[in-house]
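Everything on this sheet refers to the single structure shown next.
The values are calculated or read from the model by the stated rules, or taken from the named source; none is laboratory data. As the structure is a computational prediction, the values presented were derived from the model and not from experiment. Because the Cβ atoms are built from the backbone with ideal geometry, glycine has one as well, and the counts that use them run over all protein chains shown.
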């Protein structure tokens, strides 16, 4: 038996229907695959954590770094930590007060501002004295390093 492939013949019409059905099935499967979104997970913890108003890694790292000093004020929504005067037992004629401000929800070096006030005892009273720039810079470095470690460890 010979199959005719002339236009309008039954064999040509049936081939077209099979081809169209296959093409439609392929299109439906392709579209169905596009509709399913696959969750992509980052290899690192997010840098922006805003459940407390500021970056939680910087907040926790700041509290950790200042844990030896008495806290006077903390505001997790505004990102402000102010310590009370701290006197080192090894040097009772000197005291310091520190304030940390977290300026952004992202974990970035410029999202952190540290300020310190130093006083020394003279003539029975306290007199303002300069704070070494390296002191503030070292405290910032400690906080930023701790925040990065907290972020890295949050992956588990």
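Screening residue 106 against (1) at pLDDT 95 or above; (2) touching a strand residue (DSSP E or B) at 6+ places or on another chain (Cβ under 9 Å) leaves a single unmet condition, (1).
Looking across region 91-109, the residues that are surrounded by fewer than 17 Cβ atoms within 10 Å (Cβ to Cβ) and touching a helix residue (DSSP H, G or I) at 6+ places or on another chain (Cβ under 7 Å) come down to 103, 104, 109.
Taken over region 110-136, the residue count meeting the criterion of being touching a helix residue (DSSP H, G or I) at 6+ places or on another chain (Cβ under 9 Å) and in a strand (DSSP E or B) is 6.
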